[in-house]
1. Within the stretch 1-60, work out how many residues are outside the structural domain of Ala142 (by TED's automatic domain parsing), more than 29 Å from Lys229 (Cα to Cα) and within 37 Å of the chain's Cα centre (by Cα).
2. Restricting attention to the stretch 135-183, which residues are of a type in the set (A, V, I, L, M), free of Cβ contacts under 8 Å to residues at least 40 places away in the same chain and touching a helix residue (DSSP H, G or I) at 6+ places or on another chain (Cβ under 6 Å)?
3. Going through Cys309, Cys371 one at a time, which residue ends up being free of Cβ contacts under 8 Å to residues at least 12 places away in the same chain and under 23 Å from the mean Cα position of the chain (by Cα)?
4. Does the stretch 275-303 hold any residues that are touching a helix residue (DSSP H, G or I) at 6+ places or on another chain (Cβ under 8 Å) and exposed (fewer than 14 other Cβ atoms within 10 Å of the Cβ), and which are they?
5. Whether any residue in the stretch 355-362 is under 21 Å from the mean Cα position of the chain (by Cα) and of a type outside the set (D, E, K, R) is what I want to check.
6. Considering only residues that are among the small types (Gly, Ala, Ser) and either loosely packed, with under 15 Cβ neighbours inside 10 Å or within 16 Å of Leu190 (Cβ to Cβ) (or both), which ones fall in the stretch 147-177?
7. Scanning for something basic (Lys, Arg), assigned by TED's automatic domain parsing to the domain that holds Pro264 and either surrounded by fewer than 19 Cβ atoms within 10 Å (Cβ to Cβ) or in contact with a His (Cβ under 6 Å, 6 or more places away or on another chain) (or both), does the stretch 79-86 turn up at least one residue?
8. Of the residues in the stretch 20-53, how many are out of contact with any helix residue (DSSP H, G or I) (no Cβ under 7 Å at 6 or more places or on another chain), modelled with pLDDT under 90 and assigned to a helix (DSSP H, G or I)?
Amino acid sequence: MAGLHNSDYKNPVLNWIDTRLPILSFMHKEYGTFPTPKNFNYLWNFGALATVTLVVMMITGIFLAMNYQPNTTLAFDSVQHIMRDVNYGWMIRYIHQNGASMFFIVVYIHILRGMYYGSYKKPRELLWMLGVVILLLLMATAFMGYVLPWGQMSYWGATVITNLFSAFPVVGHGIVTLLWGGFSIDNPTLNRFYALHYLLPFIIVGVVFLHIAALHITGSNNPLGIDPKGPQDTLPFHPYYTAKDSVGLCAFFVIWAAIVFFAPNILSDPNNFIPANPLQTPPDIVPEWYFLPFYAMLRSVPNKLGGVCVMFSSILVLFFLPWLDTSRVRSARFRPIFRQLIWVWVVACFGLGAVGAHPPEGIWVIIGRICTLYYFLHFLVILPLLGKLEKPLPLPESISVAVMRGGGPLPAGAAAKPMEKA
């Protein structure tokens, strides 16, 4: 019949739907028979974990929004009402509260995996850049969500972070006034943050859709960093990787549940259990753990504008990573020097996290500046030079050959394939 899609479903109801709206055929093609490299390891689970976490956060956030009051005189008490009076409100809130940390854990590991295996290289540059956009949106959403409980750390964290924009000449104070909705943090500020915190996850969903669409156009990278040569190098996504993702998802949920039920406030600041008081500054204003490295960079530069520029540049530099890394080989498995230096970069990031949790004095200032310097040297100096100076190990002929041999670099003297362009 003209205008109808040809559907292979035998069930008359499914066939009727699919001929008019071929969403079932689309899902089967993209998530059923979609060819994926046969050598994925469990690090490829974290994209699926991030997607599931986003869905859980949105569902729990909607239920919390039903009982939350975005008013400076009611916000703190409304959170206590959710915890004490709403059926299972304590559980929903703890899932949401700790879900932010779980989200950042899986996203940071997902980014590190992409860096280690060169998933940002041609032809996946736009895929990588969309991922960085998701990270920025996630950071903005998390920051605004942290303000909503309206505790001491919520209020003063919002004060410090929003005041950073005042460092920009000419437009800085206008931006701060726009964010505040006035000349101090008050009701308009809380209302704006509440509205944006509710809206941004839906924008993230849209960018995630583009991210996945770009992935299905270019295909997935793999631990070897080489392209599949044919059907012998791939497997259909279902049931192989749905089963593998399910194993990782179960382990992830067990860890998340253990935190929710046995240590729900382990990652919370005690000051946030005190109602916001504009007249009493906490002894030390510290952001959530996932912002600590960037906070350390901010404080490592004596000049306020310089610190703000360094902090924002630490994210923006990731947009240019596909062009800063000049190596023709994707995977760190075949780049012996890069394989060592990327772990030095990871140590520098953890060092920045430790620095951000301590007052900016003594040895912590020196460590923060050294780690900040290496963070940028890795991207702006080491990667461009290393791609030209490093001699990669021989690449395997195909994914199948490497899988049958056990993966990894070829033995000395073995025949190698010509080097691929990244």
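The values are calculated or read from the model by the stated rules, or taken from the named source; none is laboratory data. All values reported here derive from a predicted model rather than from experimental measurement. FYI the Cβ positions are ideal-geometry reconstructions off the backbone, even for glycines, and counts take in every protein chain you see.
1. Looking only at that region, the number is 7.
2. Within the stretch 135-183, Ala158, Ile175, Val176, Leu179 qualify.
3. Details: Cys371 fails: free of Cβ contacts under 8 Å to residues at least 12 places away in the same chain.
When all the criteria are applied, what remains is Cys309.
4. Within the stretch 275-303, the subset touching a helix residue (DSSP H, G or I) at 6+ places or on another chain (Cβ under 8 Å) is 275-278, 280-282, 285-301.
Residues satisfying the conditions are Asn277, Pro278, Gln280, Thr281.
5. Step one: list which residues in the stretch 355-362 are under 21 Å from the mean Cα position of the chain (by Cα), which gives 356-357.
Okay, now just the ones that are also of a type outside the set (D, E, K, R), so 356-357.
Within the stretch 355-362, one or more residues are under 21 Å from the mean Cα position of the chain (by Cα) and of a type outside the set (D, E, K, R).
6. Within the stretch 147-177, the first condition is being among the small types (Gly, Ala, Ser), and the residues that meet it are 151, 154, 157-158, 166-167, 172, 174.
Scanning the stretch 147-177 gives Gly151, Ser154, Gly157, Ala158, Gly174.
7. Residues of the stretch 79-86 that are basic (Lys, Arg), as a first pass: 84.
Narrowing the set further to residues that are assigned by TED's automatic domain parsing to the domain that holds Pro264 leaves 84.
Filter once more, so that each one left must be either surrounded by fewer than 19 Cβ atoms within 10 Å (Cβ to Cβ) or in contact with a His (Cβ under 6 Å, 6 or more places away or on another chain) (or both): 84.
Yes; the residues of the stretch 79-86 include at least one that is basic (Lys, Arg), assigned by TED's automatic domain parsing to the domain that holds Pro264 and either surrounded by fewer than 19 Cβ atoms within 10 Å (Cβ to Cβ) or in contact with a His (Cβ under 6 Å, 6 or more places away or on another chain) (or both).
8. Summing the residues that are out of contact with any helix residue (DSSP H, G or I) (no Cβ under 7 Å at 6 or more places or on another chain), modelled with pLDDT under 90 and assigned to a helix (DSSP H, G or I) in the stretch 20-53 gives 6.
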